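The values are calculated or read from the model by the stated rules, or taken from the named source; none is laboratory data. A quick note: this is a predicted structure, and the numbers were derived from the prediction, not measured. Cβ placement follows ideal geometry from the backbone for every residue including glycine, while neighbour counts extend to all protein chains displayed. Side chains included, ligands, DNA and RNA excluded: accessible areas come from the protein's heavy atoms. Shrake-Rupley method; radii C 1.70, N 1.55, O 1.52, S 1.80 Å.
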Amino acid sequence: MTTEPSAGLSETGALLRLQAWFSPAFPVGGFSYSHGLEAALEAGWIGDLDGLVDWLASDLAEGTLRSEAILFLRAHRETGAGDRAALAETAGLAAALRGSAELALESSQQGSAFLATLRAVWPAPALDALVALLAARGLPASLAVAAGAACAAHGIAAEQGLACFLQGTLANLVSAALRLGLLGQTDGQRALARLEPAVAEAVAAALAADPEDLGSAGLLVEIATLVHETQYSRLFRS
């Protein structure tokens, strides 16, 4: 049985929905990806809690996660406005901005799974329209675009949705660091606590940014995923 989205979703309802969608346990296969962390640890670029926090905070401020935040907001705005042409452009940009094959796979596989689950459990016409648009244009389903569109389709505010999307992404990466043996459980929570200001700053920066101001200066993330492609022994797909 599916649940139709409520046109007047309450603040509590929105919070519950976001907690479900952006939990590391949501069935998008996020546990399979480390966003380059596995290679970075192997290379010695990250070696402790401080290094992990700095790496992730830099990604939020200057790297791929910065662009993800802007793409999320673009998709949210364009879905809310029903602007199919602009949404198709955003989806194309999201696909083109991937710095490696592994990052492309990470985003498209999770984006497709995210949309499939939402359409089955929390359906909305705008999500059906997005899937049809992607198929017609031959474009992959970027996770950031899918998430932004989903929040708009369910009447969830952009700022609230983006904060949960970024926090969920970080929670998944911290979980990867735990499985790689970099941190224990308590230090994993310390990392998330220390990253809270970085998430808030990333949300504020994305909201204030020009929607065309896309790009990454966090080249080590892309390099890490390129190195990871030929890493001898690995647990993750990126």
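Below is a table of values for the structure above.
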read-out	value
Options F165, F236; residue that is modelled with pLDDT under 95 and within 24 Å of A101 (Cα to Cα)	F236
Residue in the range 149-177 that is nearest to the chain's Cα centre (by Cα), counting only those that are open to solvent by 40 Å² or more (accessible area, probe 1.4 Å) and on the phi < 0 side of the Ramachandran plot	Q167
Neighbours by Cβ (under 6 Å, 6+ apart or cross-chain): first from the range 132-144, open to solvent by 10 Å² or more (accessible area, probe 1.4 Å); second part of a loop (DSSP other than H, G, I, E, B)	L134/A141
Odd one out for E42, checked against (1) surrounded by fewer than 24 Cβ atoms within 10 Å (Cβ to Cβ); (2) at pLDDT 95 or above	(2)
Check on G47, surrounded by fewer than 24 Cβ atoms within 10 Å (Cβ to Cβ), in a helix (DSSP H, G or I) and either out of contact with any helix residue (DSSP H, G or I) (no Cβ under 6 Å at 6 or more places or on another chain) or acidic (D, E) (or both)	no
Qualifying positions in the range 87-105 - open to solvent by 20 Å² or more (accessible area, probe 1.4 Å) and in contact (Cβ under 8 Å) with a residue 12 or more places away in the chain	G92, L93, A95, L97, G99, A101, A104, L105
Residue within the range 66-79 that is hydroxyl-bearing (S, T, Y) and open to solvent by 70 Å² or more (accessible area, probe 1.4 Å) present	no
Total residues in the range 107-125, condition out of contact with any His (no Cβ under 8 Å at 6 or more places or on another chain) and crowded, with 19+ Cβ neighbours inside 10 Å	9
Selection count where residues are closer than 13 Å to A113 by Cβ, in a helix (DSSP H, G or I) and not hydroxyl-bearing (S, T, Y), scope the range 8-32	3
Within the range 184-219, tally of residues that are open to solvent by less than 80 Å² (accessible area, probe 1.4 Å), of a type in the set (A, V, I, L, M, F, W, C) and farther than 17 Å from G168 by Cβ	5
Every residue from the range 106-119 that is more than 20 Å from L220 (Cβ to Cβ), among the hydroxyl-bearing types (S, T, Y) and without any contact (Cβ under 8 Å) to a residue 40 or more places away in the chain	S108, S112
Filtered residue count, the range 33-44, keeping only those that are in a helix (DSSP H, G or I) and under 13 Å from V174 (Cα atoms)	3
